[in-house]
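Novice: Pasting a structure below so you can have a look.
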Amino acid sequence: MSVADLPKIELHLHHEGAAPPAFIRQLAHEKKMDLSGIFRADGGYDFRDFTHFLSVYEAASEVLTGPEEFRRLTLAILEESAANGVVYTESFVSPDFCGGGDLAAWRDYLAAIQDASEEAEKRFGITLRGVVTCVRHFGAETAKKAAQCAADTAGDWVVGFGMGGNEGMGEQGDFAWSFDCAREAGLRLTTHAGEFGGPESVRDAVRVLGVERIGHGVRAFEDADLVHELVDRGTVLEVCPGSNVVLGLFPDFASHPIARLRDAGVKVTVSTDDPPFFHTTMRREYEMLNKAFGWDADDFAALNATALAAAFCDDATRERVQKRLES
Ligand code: ADE
Ligand code: ZN
């Protein structure tokens, strides 16, 4: 059996960023919206660099105009993830793309996403939980609305709060109010750091925001003291190697620091981030890690154990997923 056939846990997946280009093109066609500028001739998403990627992502999201679109999107994403062997995933859902931060609208979008999540669990055998995210380049005031939406809907399905977006804008600490609000509502915390920001962004994430997981975090490897701090704290990195290679952080998988971080004792997990944008899937991530570092079934079992222990779901869900990993 190839390692790519193993069951998988994914902790870092952006809901809109997982939308297949054909799905977005079909919605644009139905709504008579012209999105031709965001696609390449071969049908994939077209972007030059990270900031252009973020604007193409936001342009594609414009066709997701209501709860029904998110219901369809959720089913499409989960069918694809399940086909790649994923048995549990957490996705980033954002009130900014689901009702513009309005709580009543957010509840409607969330109900549709949860409904699709339950249907997908029955049809495809995959469990989804939501991590509500604010978008860093939309600013700290907008983030507060996302945090309040997260706090008001925290529960069995909305299990975490996080932040994505352009790390070049502002400081992690500018968003402390939002992270405190989510924490007080019982939500678990993660934030993007150490992707385009350097080691200091990772240090701020754990010390100032108090997150237990970090989206990417890979540039921590530039600072040995910080690597020790992450090991001591037990911070979990949601590493997305294929995303990092396409966005130019590292030239290829072999140069990626995931193996060095793991071997230094940091808790690493593997995810796809925005799979169709980065021409990847969880199968491909496993295949590439096997090729680059020789990781075998035992390595991937350890990776899944780290990911399942770090998942933000409740323990009953964790046990159910554990059984799926074993079968
Ligand atoms: N939003 C979607 N993908 C992202 C990434 N890789 N980094 C930051 N924000 C994002
Ligand atoms: Zn991300």
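Throughout, read-outs are computed from the coordinates displayed, never taken from laboratory work. Predicted model, so just to flag it, every value in this text is computed and none were measured. Don't worry about glycine lacking a Cβ; one is built from the backbone with ideal geometry, like all the others, and counts go over all protein chains shown.
Novice: What share of the DSSP beta bridges in the chain is antiparallel, in percent to the nearest 5?
Specialist: 5 percent
Novice: Let me know the Kirkwood hydrodynamic radius for the range 32-170, please, with Cα pairs as the basis and the value in Å to one decimal.
Specialist: The Cα-based Kirkwood calculation yields 15.9 Å.
Novice: Okay, next question. What distance in nm lies between label points placed 7 Å from Cα along the C-beta direction at ASP49 and ARG123?
Specialist: 4.1 nm
Novice: Just to verify a number: FRET efficiency for VAL208 and ALA83, C-beta to C-beta distance, R0 = 45 Å, to 0.05?
Specialist: E(calc), rounded to 0.05, equals 0.70.
Novice: Another question, then. List the pairs from LYS8/LYS145; LYS267/LYS323; LYS8/LYS291; LYS8/LYS122 whose alpha-carbon separation is above 28 Å, in the order I gave them.
Specialist: LYS8/LYS145
Novice: Each label point is 7 Å from the Cα along the Cα-to-Cβ direction; what then is the distance between the points at ALA292 and LYS32, in nm?
Specialist: Result: 4.7 nm between the two label points.
Novice: Here is a further query. Read phi for every residue in the range 212-224 and hand back ³J(HN,Hα) as whole Hz from Karplus 6.51 cos²θ - 1.76 cosθ + 1.60, θ = phi - 60°, with x for Gly and Pro.
Specialist: Ordered by residue, 3J(HN,Hα) equals 9, 10, 10, x, 6, x, 5, 6, 4, 5, 6, 9, 4 Hz.
Novice: Taking a label point 7 Å from the Cα of MET169 along the Cα→Cβ vector, which residues of the range 48-66 have an amide N closer than 17 Å to it?
Specialist: 49-62
Novice: While we're on this one: Sum -39500 (n - 2.57) across every DSSP H segment of at least 4 residues in the chain, then divide by the residue count to get the 222 nm mean residue ellipticity, nearest 500.
Specialist: So the helix-based figure for the chain works out to -14000 deg cm²/dmol.
Novice: Then there's this: Arrange the peptides 273-285, 170-182 so that the one whose residues have, on average, the most other Cβ atoms within 10 Å appears first.
Specialist: My ranking of the peptides, most packed first, is 273-285, 170-182.
Novice: So for the chain, Kirkwood radius off the Cα pairs, Stokes-Einstein at 4 °C and 1.567 mPa s: how many µm² s⁻¹?
Specialist: Result for D is 66 µm²/s.
Novice: Alpha carbon centre of the range 129-147 versus the range 296-320: separation in Å?
Specialist: If we compute the Cα centre of each part, the gap is 27 Å.
Novice: Further question: What does the charge count around LEU226 come to, taking other residues whose C-beta lies under 10 Å from its C-beta (Lys +1, Arg +1, Asp -1, Glu -1)?
Specialist: So the environment of LEU226 carries a net charge of -3.
Novice: Roughly how big is the chain's charge dipole about its Cα centre, with Cβ charges of +1 (Lys, Arg) and -1 (Asp, Glu), in debye to the nearest 20?
Specialist: Charge dipole, the chain, about its Cα centre: 360 debye, nearest 20.
Novice: For the range 213-323, take every pair of Cα atoms, bin their distances at 5 Å starting from 0, and report each bin as a whole percent.
Specialist: Bin by bin from 0 Å, the calculated values are 2, 12, 22, 24, 20, 13, 5, 1, 0.
Novice: Starting from 0 in steps of 10 Å, tell me what percent of the Cα-Cα pairs of the range 132-249 lands in each bin.
Specialist: Spelled out per bin, shortest first, that is 15, 47, 32, 6.
Novice: Computed FRET efficiency, Cβ-Cβ of ALA305 and VAL3, R0 22 Å: what is it to the nearest 0.05?
Specialist: Taking R0 as 22 Å, the efficiency between ALA305 and VAL3 is 0.90.
Novice: What are the residues whose amide H is under 5 Å from the amide H of THR127, where those residues sit 5 or more places off or on another chain and H is modelled from the backbone?
Specialist: Here TYR88, THR89 satisfy the definition.
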